Amino acid sequence: MLRYRWWLTSVALWLLGCGGPYPQSTFAPRSDFARASDVLFRDIFWWAVVVFIVLETLLLFAIIRFRHREGRAEPKPTHGHTILEIAWTLAPAVILVFVAVPTVRTIFTTAGDVPPDALKVEVVGHQWWWEYKYPDLGITTANEMHVPVGKSVQVAITSADVIHSFWAPVLGGKRDAIPGRVNYIAFRADSTGDYSGQCAEFCGASHGNMRLRVLVDRDSAFQAWVDDEKAAPALPPKASLAEQGKTVYSRSACIGCHTIQGVSPGIIGPNLTHVGSRTTIAAGLFPNDSAHLARWIADAPSLKPGALMTRMQPPLTDADIAALVAYLQSLK
Amino acid sequence: MKSWLTTTDHKRIGLLYFWTAFGFFLIGGIEALVIRAQLAQPNGHLVSAETYNQLFTMHGTTMVFLALMPLSASFFNYIIPLQIGARDVAFPRLNAFSYWVFLCGGLFLNASWVTGPLFHAGILNVAPDAGWFGYANLTERQFSPGPNIDFWLLGLQILGISSLAAGFNFIVTILNLRAPGMKMMRLPTFTWMALITQFLIITAFPVITVALVFLMFDRFFGTHFYVHEAGATPLLWQHLFWLFGHPEVYILILPAMGIVSEVLPTFSRKPLFGYPVVVYSGILIGFMGWGVWSHHMFAVGLGPIADSVFAATTMLIAVPTGVKIFNWIATLWGGAIRGTTALHFAVGFIAMFIIGGLSGVTHASPPADLQQTDTYYVVAHIHYVLFGGTIMGLFAGIYYWWPKMTGRLLSEALGKWHFWLQFVGMNLAFFPMHFIGLLGMPRRIYTYGPELGVSDLNLVSTVGAFLIGLAILVFLFNMWWTSRRGRPASNDPWGGATLEWSIPSPPPVYNFSVIPTVAGRLPRWRTERHEPIQDPPAVPPAPIHVPGGSWWPLVAALGLPVMALAALTQTMWVVFVGVALLLFGIYRWAFEPFEV
């Protein structure tokens, strides 16, 4: 138990302060929502430390001090003590009041209410990726959410299949994505950055591979991203590899599931209209580079167990895949 | 062999429960070790995602339903009739039926590991894989087409029957078969906590049964209890499951609290401090356990009012729990403490349960819990409660009652090794999980990236898990060694206050040669109010009728897995075989000449 106290105090103090190398640390809040949770947690944590020290000290003292020794008289058969019983019923109750009051206050301040000009983002969980829609901006994208810094954002969360849970720890607590139901969280990010998160509710084979990113941009960068997303997809130059790729895409099964504006209307998989501008693929699993794209197209389930994008039958040739990769990368 | 298959003796059934449950405990432990080996380093690939999901599902299901509950049941069976001065339980054949149903259910669930080929799949392919909590709608046929979930829901239905039958049996036993003079407020604390547990079982298991029947109808008959497209909601499952699931937590912990409340007084040579308060707080915990289920669902979005109410009720439950802890410490206070292995485990229980309780308070607060739920922080919490709590408590009971149950003492030296290895192991395994979770690692993920920064903590946790494995090996060796070389136990190796210590170890088949008359709460101790009672004579003064064995509980129990097999293979005629077996067994059982 001594080892414990060492852990609790030194490690906790060290961890509570820093979040640098921990991209999903709940100790490094970067929004009002995450900060509220963090403050509340620290409050309760220190109460817990006090209670822990009191109880474990009493316990340790008792088992050391009252060890049986030869020759010591048999103990008095005490059966109880009414005043003591009342005291240690009231003491935890009083401490809990100090926990309950800030708890209820924080529940209401983090209930998801936002000013009317908040940016609205709809999140749809899919097995095993995230779809993001910006209803006021007419944008649909996947896995990487962009939001402006310092502005209220309301996230409306639902699911297209099973229950998921949307969680970007540094921006706030998780909310479940439940089919047939919309849940809300609201946050105002206070610093720019590329924040990672992942699905927190077990949702099947690749639950562990259902990651996400939230990119908090400066206003101008966010506006530039919005303008890019709203633009029509880039047309590959004539006779380029990318153009061949577009042909392969248009005659393959890809079009059944994916949307590329003006090319295909599929809605089962992620929207690929501007896939070239994303930094990662496969729900945050891999960097968006030629090698990973090629492996992903060739055999997605080997990279992400259970992925619905099965191996193409008949398989695509290496040349086809290279062309497809070039085309997808051109979709900035 | 025949005498074990047909036995209706509560002591033999207790031993059967013990060995079966301990076997499942080892299986569940091996599953845990594979899980920890997979997570020892980032991007681990010891097992596939699909196998991992089966492993954590079966680990949870096994530990809750096949290890911890039946290990408690083993003590209920063996100890309660002895503590209340009875010859057996109220319904000995129903007791045998409970055991056989439990065995069938456990084997049925675990058969899923190896029966893949029957379903055109590989071995290790059709075990349940949606978590021990089995959230709808992932468990619907649409998302889980294989037999995995069928194994789970049918297995749990079978196990529920076992728990319910045992629950009614023990309630009647405790209320009706008490020795003369043993008023309710003279019941040993373990029996009291067991009684509360049985009431929780008979009220909570019907809820999960209903939930499972809905799921069964959804999967087999195309109903839509959990399908939102048909106007229902998958949240119905979560409400039903946790309405069962939270009382279930108390079903798991109350027996261990009862054991600790027996062990501490015996080894500090002092009566339990505040006995009535400990009993009433147990009852209060049982009641309040029904009003907190939505704290498992703070991320579901029930709205600020519901969240506030459930936060308050959850915090409130910390009060009676805290009262128990104070009373245990006060029991030790001023005692003459003998540091036996049983006492080590009982004190370990208190020390670890404090941590589990305190982390519980941190996620009673919804805004804080939104960062904690479904992360390793909660994994840490439940293992401090269920491993640091229940398993420590159960081991206290094992070391305490082993001499009574087997007639031999376990080695105290090996016992200390066992305790310290397990104590250090569990803290290494589970304490870092608090940080792993708060640093952003969700639970139930089969792998994680190195960029999360939790690789070292996970490695420490894995080392701790294997230390626990080593501790259990020491215990296995202790059991084996002392079964051959152990010191024979006297009637009362510890100087206990309760009736089980007044008779030989192991007790004769009739338990008490003369049913004792009890005058106080601590019948075998001298108190200011009464002298210790006389132990019953070694030879019964009059012949005692002992009921013989019966085959029919076993036959009836076998009908249930046959019916489950029918559902699993979708073959109608097998259903009738199962029903016929069950009815035949019950019919013969009902008309069998059998006197208690």
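The values are calculated or read from the model by the stated rules, or taken from the named source; none is laboratory data. Worth saying up front: this structure is predicted, and the values here are computed from it rather than measured. Quick reminder, even Gly has a Cβ in these numbers, built from the backbone with ideal geometry, and neighbours come from all protein chains shown.
For segment B:268-304, how many residues meet the condition of being among the aliphatic types (A, V, I, L, M) and not in a helix (DSSP H, G or I)? Give the steps one after another, and end with the answer.
If we filter segment B:268-304 for residues that are among the aliphatic types (A, V, I, L, M), which is where we start, we get B:272, B:277-279, B:283-285, B:288, B:292, B:297, B:299-300, B:302.
Cutting the leftovers down to not in a helix (DSSP H, G or I) gives us B:272, B:292, B:297, B:302.
Summing the residues that are among the aliphatic types (A, V, I, L, M) and not in a helix (DSSP H, G or I) in segment B:268-304 gives 4.
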Pick out the one residue from A:48, A:87, A:62 that is more than 8 Å from chain B (Cβ to nearest Cβ) and hydrophobic (A, V, I, L, M, F, W, C).
A:87
Out of all the residues in segment B:138-149, is one or more under 26 Å from residue B:76 (Cα atoms) and among the aliphatic types (A, V, I, L, M)?
no
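Could you list, in sequence order, all residues of segment A:197-217 that are in a loop (DSSP other than H, G, I, E, B), more than 17 Å from residue A:25 (Cα to Cα) and facing another protein chain (nearest Cβ under 7 Å)?
Narrowing segment A:197-217 to residues in a loop (DSSP other than H, G, I, E, B): A:199-206, A:210.
If we keep only those that are more than 17 Å from residue A:25 (Cα to Cα) as well, we get A:201-206, A:210.
Listed by number, the residues that qualify are A:201, A:202, A:203, A:204, A:205, A:206.
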Would you mention how many residues in segment B:1-56 are more than 23 Å from residue B:397 (Cβ to Cβ) and among the acidic types (Asp, Glu)?
2
Every residue from segment A:105-114 that is surrounded by fewer than 20 Cβ atoms within 10 Å (Cβ to Cβ), of a type outside the set (S, T, N, Q) and at the interface with chain B (Cβ under 9 Å from one of its Cβ atoms):
A:108, A:111, A:112
What do you reckon, is residue B:509 in contact with an Asp or Glu (Cβ under 9 Å, 6 or more places away or on another chain) and away from every other protein chain (no Cβ under 14 Å)?
yes
Across segment A:121-166, the tally of residues that are buried (at least 24 other Cβ atoms within 10 Å of the Cβ), within 14 Å of chain B (Cβ to nearest Cβ) and within 22 Å of residue A:288 (Cβ to Cβ) stands at 3
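Tally up the residues in segment B:540-564 that are part of a helix (DSSP H, G or I) and free of Cβ contacts under 8 Å to residues at least 24 places away in the same chain, please.
Residues of segment B:540-564 that are part of a helix (DSSP H, G or I), as a first pass: B:552-564.
Going one step further and asking which of them are free of Cβ contacts under 8 Å to residues at least 24 places away in the same chain, we end up with B:562-563.
Adding up the residues that qualify gives 2.
Which of the following residues is surrounded by fewer than 22 Cβ atoms within 10 Å (Cβ to Cβ), among the small types (Gly, Ala, Ser), farther than 17 Å from residue B:247 by Cα and over 24 Å from the mean Cα position of the chain (by Cα): B:330, B:336? If you could, list the steps in order and put the result at the bottom.
Working: B:330 fails: surrounded by fewer than 22 Cβ atoms within 10 Å (Cβ to Cβ).
Just one listed residue meets the conditions, B:336.
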Conditions first: (1) touching a strand residue (DSSP E or B) at 6+ places or on another chain (Cβ under 8 Å); (2) within 11 Å of chain B (Cβ to nearest Cβ). Residue A:99 passes all but one, so which condition is the exception?
(1)
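Which of the helices (runs of 4 or more DSSP H) found entirely inside segment B:305-400 contain at least 2 residues meeting this: facing another protein chain (nearest Cβ under 7 Å) and under 20 Å from residue A:104 (Cβ atoms)? Spell out the reasoning first.
On the way: elements: B:318-332, B:341-362, B:366-372, B:376-385.
Answer list for segment B:305-400: B:318-332, B:341-362, B:366-372.
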I need a count of the residues in segment A:94-104 that are surrounded by 16 or more Cβ atoms within 10 Å (Cβ to Cβ) and not polar (S, T, N, Q).
6
Among (1) over 9 Å from the mean Cα position of the chain (by Cα); (2) within 10 Å of chain B (Cβ to nearest Cβ); (3) at positive phi, the one test that residue A:172 misses:
(1)
Any residue in segment B:275-298 that is at pLDDT below 95 and within 10 Å of chain A (Cβ to nearest Cβ)?
no
Can you name every residue in segment A:81-132 that is in contact (Cβ under 8 Å) with a residue 40 or more places away in the chain, in a helix (DSSP H, G or I) and polar (S, T, N, Q)?
A:103, A:106, A:109
Quick one: which residue in B:71, B:26 is modelled with pLDDT of 95 or more, within 30 Å of residue B:512 (Cα to Cα) and either within 14 Å of another protein chain (Cβ to nearest Cβ) or assigned to a helix (DSSP H, G or I) (or both)?
B:71
So residue B:494 passes all but one of these: (1) within 22 Å of residue B:89 (Cα to Cα); (2) within 14 Å of chain A (Cβ to nearest Cβ); (3) at pLDDT 95 or above. Which condition number does it fail?
(1)
Checking residue B:570 against (1) at positive phi; (2) under 31 Å from the mean Cα position of the chain (by Cα), which test does it fail?
(2)
In segment A:296-326, anything surrounded by 21 or more Cβ atoms within 10 Å (Cβ to Cβ), aliphatic (A, V, I, L, M) and within 14 Å of chain B (Cβ to nearest Cβ) is listed as A:307
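So which residues in segment A:244-272 are part of a strand (DSSP E or B) and surrounded by fewer than 16 Cβ atoms within 10 Å (Cβ to Cβ)? Before you say what the answer is, go through the steps one by one.
Step one: of segment A:244-272, the residues part of a strand (DSSP E or B) are A:259-260, A:264-265.
Result: A:265, single match.
Tell me the residue from A:191, A:220 that is surrounded by fewer than 16 Cβ atoms within 10 Å (Cβ to Cβ), assigned to a helix (DSSP H, G or I) and among the hydroxyl-bearing types (Ser, Thr, Tyr), please. Steps first, please.
Working: A:191 fails: assigned to a helix (DSSP H, G or I).
Residue meeting the stated conditions: A:220.
Within segment B:450-480, restricting attention to residues that are at the interface with chain A (Cβ under 9 Å from one of its Cβ atoms) and either in contact with a helix residue (DSSP H, G or I) (Cβ under 9 Å, 6 or more places away or on another chain) or under 30 Å from residue B:414 (Cβ atoms) (or both), which residue is surrounded by the most Cβ atoms within 10 Å (Cβ to Cβ)?
Restricting to residues being at the interface with chain A (Cβ under 9 Å from one of its Cβ atoms) and either in contact with a helix residue (DSSP H, G or I) (Cβ under 9 Å, 6 or more places away or on another chain) or under 30 Å from residue B:414 (Cβ atoms) (or both), the top hit is B:454.
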